[in-house]
Amino acid sequence: MRRTSVKLLLVALALSVFLIGCAKKPETEINNAKAALDSAIQEGAEKYAKEEAKLLNDDLTAAQDEIKVQDEKFFKNYDKAKEMLASVQAKADSLKAEIPARKEKAKNDAQAALDAAKTAVADANALLAKAPRGKGTMADIEALKADAAALQDSIVEVETLMTSEEYFAAADKANGIKDKAAEVSAQITAALEKKGKK
Amino acid sequence: MINSAIKTVLLLFLSVLLGCEGAPLPPEVMQAETREHDLWKADAEIYAPEDYKQYKSALRNGKDLLAKEKKRFVWFRDYEPIRTEFRHILLHGSQALQEIETQKQIKSRSVADQIAFFQKRISTIRGLSSLINEGKVSCRSLTKAELLLSELCLLNQRGQYVEAEKKLKSLPHYTARAIEAISPILNRYADATHIRKWRDMVNDTVNLSKERGIHSIVVSKVDKKLILYHKGAPRKTYEIGIGTNGSEDKLYAGDRATPEGKYYITKKMSRSRYYKALLINYPNDDDRRQFTAAKKKGLIPKYAGIGGLIEIHGGGKSGMTYGCIGMENDQMDELFSIVDVGTPVTIVGTVEYDNNISSAIKRL
């Protein structure tokens, strides 16, 4: 009977040691998840996938909270934390892989907007070249030329934004230029028609 | 016997480890985390930074409490205090969200008001520029201001009020530049001394018409009107066009300004490049003195001449001239048939102290 009790105690002890001993803090997993997230942010996640980056950051914090909970337990079990960290790492890797495509799309959209703006300004300038010159010129042609010059200046500003990879700001500015150039063209056309009727 | 005892111990461990998960977490915990994300999405860091900081700190404390509770053996866990704590956190979050909404509404209204203010201002400056045919000097700045306004409208629509406020700061620079460009021309029309001088010139001309019983012509540049007087009374008013820089006083050849002063018709041309023309004696003695003085001061190009051939001619009133006064052909016919060589022609900026330029300047 005494031998049985000793055996039982040993089994219980062995199991406890097994359970406690196996629960090693997932330091590597934490570092890997952090590194993956940092890498995604460096790639531009906070600019091109702001919300996803924030959610991943929250997930990382949640995983760290889970580790803290387990740290304080007698019977530690980091499986859930490992799972969470693995998920953060996988999602961060996948997000990082997506960023170049998103960046490229933003660049292409901005470039398309810039091209459209350039075309619209060129159209306005072409119309201005047809505008009557010299004495008798419609009173607003000179003003429209100044408008077109300002649009040309602004095209340069968009190009600067493109160079500094500020694609969203570049697209907004380019769209504004395109609209204003169309407005100027419409005014020149109206002025030319008015002149033509005389 | 031994085997069954081992099995019992194993079962006990397994039941402790696997079977006893305890009570589920209060849903408020997850809700508080979601609210934190909502706050972040609502730009709490910008619109309610202190509230957001407090919320995050309260959430952290709540989570620490939760971790502490989780540490207890499942049978002894009590989530009720945690639930209460997280309810408070959620309430704080709701209040912060309301505060953010209020702040955003205030910002949105402020940005919209400023956009409307600058739209009106730009429109006023454009109107003034057009009135004095000086769009070319102001439009470059005004167009840049308008482009900025279109970006601002977009930012306001998207709720990016802080970015909008940053951009708003550059708008006064453009409008100020536009005003600066046209001010020297405009200010003459709001200057009482100048206007008094113009009024005296007009009075002299009208009195001359009355005294001698003759026709005389008065041209008001700001009103773009030519008034024909006979025996001191206005007989007919015609709409006119003036020079590209017509609102300025002519100083030299090629400045495209329309001269101001007392002149008379020197020649009637029934056939002219611009239908019919009435040539006036620009430059007169005053113009010559002004030209010499301006040249001495270096206000005009070194090799510029004083110019000449200023006419009242046909060809239409809506075009810009090199400094002449343009009229519609049918009205030119009428005027041409009435006036003679020697008819006094007085050209002034305005005779009204409250003219449309001085009123518009007040609105700036």
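Ignoring ligands and nucleic acids, what accessible area does B:Ser130 show with a 1.4 Å probe (Å², nearest 10)?
80
Name the residues of segment B:296-324 whose accessible area, probed at 1.4 Å, falls by at least 30 Å² once all protein chains are in place instead of their chain on its own?
Listed in order, they are B:Ser318, B:Met320, B:Tyr322.
Relative contact order, percent, of segment B:98-228 when contacts are C-alpha pairs under 8 Å separated by at least 6 residues?
About 23 percent, as a whole number.
What is segment B:193-363 by shape, rounded, prolate or oblate, if you read a ≥ b ≥ c off the alpha carbon gyration tensor as root eigenvalues and call it rounded for a/c under 1.5, prolate for a/b larger than b/c, and oblate otherwise?
The shape class here is rounded.
Run the dipole for segment B:103-262 about the Cα centre, Lys and Arg Cβ at +1, Asp and Glu Cβ at -1, nothing else charged, and hand back the magnitude in debye, nearest 20.
Using Cβ point charges on Lys, Arg, Asp and Glu, segment B:103-262 gives about 280 debye.
If you place +1 on the Cβ of every Lys and Arg, -1 on the Cβ of every Asp and Glu, and leave all else neutral, what size is the dipole of the protein assembly as shown about its Cα centre, to the nearest 20 Debye?
With Lys and Arg at +1 and Asp and Glu at -1, about 1220 debye.
5 Å is the cut-off here: which amide hydrogens, built 1.01 Å from N in the peptide plane, fall below it relative to B:Val345, excluding neighbours closer than 5 in sequence?
Answer set, sorted by chain and number: B:Ile217, B:Tyr263, B:Tyr264, B:Ile265.
As a test question: what accessible area, to the nearest 10 Å², does B:Leu25 have when a 1.4 Å probe is rolled over all protein chains in place?
The accessible area comes out at roughly 80 Å².
Which of rounded, prolate or oblate describes segment B:25-188 when judged by the alpha-carbon gyration tensor and an a/c cut-off of 1.5?
prolate
If you wrap a convex hull around the C-alpha atoms of chain B and split its volume per residue, what is the figure in Å³?
225
Sequence gap at least 6, Cα distance under 8 Å: using those rules, report the relative contact order of chain B to the nearest whole percent.
Computed over chain B, the figure is 15 percent.
I need the calculated FRET efficiency for the pair B:Ser170 and B:Glu80, taking r as the beta carbon distance and R₀ as 56 Å, to the nearest 0.05.
So the FRET efficiency works out to roughly 0.50.
Show me the three semi-axes of the equivalent ellipsoid for segment A:104-191, from the C-alpha gyration tensor (sqrt of 5 times each eigenvalue), largest first, rounded to whole Å.
Result for segment A:104-191: semi-axes of 29, 11, 8 Å.
For segment B:43-96 and segment B:240-293, what is the separation of their Cα centres, given in Å?
Comparing the Cα centres of segment B:43-96 and segment B:240-293, I get a distance of 83 Å.
Per residue, how much accessible surface does segment A:104-191 expose to a 1.4 Å probe? Answer in Å², no decimals.
Dividing the accessible area of segment A:104-191 by its residue count gives 43 Å².
With a 1.4 Å probe and all protein chains kept in place, how do B:Cys153, B:Cys324 rank by accessible area, largest first?
B:Cys153, B:Cys324
Can you run phi through the Karplus equation (6.51, -1.76, 1.60; θ = phi - 60°) for segment A:53-63 and list ³J(HN,Hα) in whole Hz, with x for Gly and Pro?
Working through the residues one at a time gives 5, 5, 4, 5, 4, 5, 4, 5, 4, 4, 5 Hz.
Relative to the longest principal axis of the C-alpha atoms of chain B, give the angle of the C-alpha long axis of helix B:80-131, reported between 0 and 90° and rounded to the nearest 10°.
Once rounded, one gets 10 degrees.
List the residues whose amide H sits under 5 Å from the amide H of B:Arg235, counting only those 5 or more places along or on another chain, with H placed 1.01 Å from N in the peptide plane.
Those lying under 5 Å, H to H, from B:Arg235 are B:Leu228, B:Tyr229, B:His230.
Among A:33-46, B:68-81, B:92-105, what's the highest-first ranking by average C-beta atoms within 10 angstrom per residue?
The peptides rank, most packed first, as A:33-46, B:92-105, B:68-81.
Give the carbon-plus-sulfur fraction of the accessible surface of segment A:104-191 in %, rounded to a whole number; probe 1.4 Å, heavy atoms of protein chains only.
That fraction is 55 percent.
Other chains' Cβ within 10 Å of B:138-150 residues: what's the mean?
Averaged over the peptide's residues, the number is 6.
Can you classify segment B:226-327 as rounded, prolate or oblate using the Cα gyration tensor, where a ≥ b ≥ c are the square roots of its eigenvalues, rounded means a/c under 1.5, and otherwise it's prolate if a/b beats b/c and oblate if not?
Verdict is prolate for segment B:226-327.
Name the residue farthest towards the positive end of the dipole of the protein assembly as shown from the options B:Leu279, A:Thr61, B:His37, assuming +1 on Cβ of Lys and Arg, -1 on Cβ of Asp and Glu, about the Cα centre.
Projecting each Cα onto the dipole axis, the largest value belongs to B:Leu279.
Output the relative contact order of segment A:85-189, whole-number percent, from Cα pairs under 8 angstrom with separation of 6+ residues.
After rounding, I find 42 percent.
In Å², rounded to the nearest 100, what is the total accessible surface buried by chains A and B against each other with a 1.4 Å probe?
In total, chains A and B hide about 3800 Å² from solvent.
Counting only helical runs of four or more DSSP H residues, what would the 222 nm mean residue ellipticity of chain B come to if each run contributes -39,500 (n - 2.57) and the total is spread over all its residues?
Computed mean residue ellipticity for chain B: -19000 deg cm²/dmol.
Mind putting a number on the dipole of chain B about its Cα centre? Charges go on the C-beta only, +1 for Lys and Arg and -1 for Asp and Glu, and I need it in Debye to the nearest 20.
1000
Tell me, what are the semi-axes, in whole angstrom and largest first, of the equivalent ellipsoid of the protein assembly as shown as set by the roots of 5 times the Cα gyration tensor eigenvalues?
Equivalent ellipsoid of the protein assembly as shown: 86, 23, 16 Å, largest first.
The values are calculated or read from the model by the stated rules, or taken from the named source; none is laboratory data. Bear in mind that the values here come from a model prediction, so they are computed numbers and not experimental data. Don't worry about glycine lacking a Cβ; one is built from the backbone with ideal geometry, like all the others, and counts go over all protein chains shown. We work out accessible area using only protein heavy atoms, side chains counted, and drop any ligands, DNA or RNA first. Shrake-Rupley method; radii C 1.70, N 1.55, O 1.52, S 1.80 Å.
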